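The values are calculated or read from the model by the stated rules, or taken from the named source; none is laboratory data. Computed from a predicted structure; not experimentally measured. All Cβ positions, glycine included, derive from the backbone under ideal geometry; neighbour counts span all protein chains shown.
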Amino acid sequence: MSSHRRPVLAANWKMNLGPAEAESFLDGFVARYEPRDDRTVILFPSALAVAAVRQAIQPRPDLRLGVQNVSTEQKGAFTGENSAAMAAGAGASFVLVGHSERRHIFGETDVQAAQKCVRVVENGLVPVLCVGETIEQRERGETGEVVLHQLRAGVSMLNHEAIREMIVAYEPVWAIGTGRTATPQDASDVHLVLRAALAGLVGENARGIPLLYGGSVNAKNASSLLAAAEVDGLLVGGASLDPVQWAEICSSSVQRIT
Ligand code: PGA
């Protein structure tokens, strides 16, 4: 069975670009990046810049919107949190779940990642579940085990249909914001492991689940990473903050994956 997945290019702005900065970013970006139907571009602004981004991309339905985090809870007395329902109401279609900064700086657990995936799906949004090993884990040869554990735990409360519709991002912790990128081969090796595990869960349909690579991606290395086997897209932090470089990355040559 052939799949219909298109390469996904996702910008994780982290705690950068407020509403006014996001607007001027988009002025620059849309002038440099024309809509293309062979790829999906997703922006993950700060929750406080979502409204500004939604407004700015209104004439560009090819550009999709996501949020960087949601609460495990549905609603109520959780000061400072945003719910998945609020993200949906604000125009988001995607939610990052379990990003390594959430896991390592804020102590987010696998159980919370699983609960967040459920909230995201319940509200009709697509989770982008992030997994990745630390340098110590890689050096001990535990990469496969770590990412498989994070993947299986993260999807453990989802049904097959939801798993088929999700996105998974492999982001080695040692490559995030360090300038040290995984080689295309490193990325392929881990993506193969993830794809096999997803196939174990949902069978042939696992071929349609986009597997993104993230960690020090830039305009220079984007094409070679996108050309790597089993790499269906990129999740980009630092290099997505510059509209010129982000437009270049989004214009990288891609192959339609069958
Ligand atoms: P980076 O971040 O591109 O700045 O390494 C990637 C990410 O954390 O999603």
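Observations on the structure shown:
- Residues that are of a type in the set (A, V, I, L, M, F, W, C), within 14 Å of the ligand (Cβ to nearest atom) and in contact (Cβ under 8 Å) with a residue 24 or more places away in the chain do occur in region 239-247, at least one of them.
- Test: residue in region 86-103 that is surrounded by fewer than 16 Cβ atoms within 10 Å (Cβ to Cβ), closer than 22 Å to Leu211 by Cα and of a type outside the set (Val, Ile, Thr): yes
- Extreme residue, surrounded by the fewest Cβ atoms within 10 Å (Cβ to Cβ), among residues of region 1-45 that are among the β-branched types (Val, Ile, Thr) and away from the ligand (no atom under 16 Å from the Cβ): Val30
- Some residue of region 107-126 being within 16 Å of the ligand (Cβ to nearest atom) and not in a loop (DSSP other than H, G, I, E, B): yes
- Pairs where the first residue, in region 172-186, is on the phi > 0 side of the Ramachandran plot and the second is assigned to a helix (DSSP H, G or I) and within 8 Å of the ligand (Cβ to nearest atom), C-beta under 8 Å, 6+ apart: Gly177/Gly238
- Among the candidates Arg102, Arg54, residue that is within 16 Å of the ligand (Cβ to nearest atom), at pLDDT 95 or above and in a helix (DSSP H, G or I): Arg102
- Residue match in region 147-162 (condition: touching a residue at least 40 places away in the same chain (Cβ under 8 Å), more than 16 Å from the ligand (Cβ to nearest atom), of a type in the set (Val, Ile, Thr) and in contact with a helix residue (DSSP H, G or I) (Cβ under 9 Å, 6 or more places away or on another chain)): yes
- Some residue of region 51-67 being touching a residue at least 12 places away in the same chain (Cβ under 8 Å), within 18 Å of Cys250 (Cα to Cα), β-branched (Val, Ile, Thr) and buried (at least 19 other Cβ atoms within 10 Å of the Cβ): yes
- Against the test of being over 14 Å from the mean Cα position of the chain (by Cα), buried (at least 24 other Cβ atoms within 10 Å of the Cβ) and within 16 Å of the ligand (Cβ to nearest atom), the options Val168, Val190 yield a single qualifying residue, Val190.
- Search result, residues across region 116-145 that are in contact with a Ser or Thr (Cβ under 8 Å, 6 or more places away or on another chain), crowded, with 19+ Cβ neighbours inside 10 Å and more than 14 Å from Ser93 (Cα to Cα): Lys116, Cys130, Gly132, Glu133
- Residue in region 79-97 that is touching a Pro at 6+ places or on another chain (Cβ under 7 Å), free of Cβ contacts under 8 Å to residues at least 40 places away in the same chain and farther than 23 Å from Ala169 by Cα present: no
- When region 57-92 is filtered for residues that are within 18 Å of the chain's Cα centre (by Cα) and charged (D, E, K, R), the ones remaining, listed by number, are Asp62, Arg64.
- Identity of the residue in region 211-243, out of contact with any Gly (no Cβ under 7 Å at 6 or more places or on another chain) and part of a helix (DSSP H, G or I), that ends up surrounded by the most Cβ atoms within 10 Å (Cβ to Cβ): Ser240
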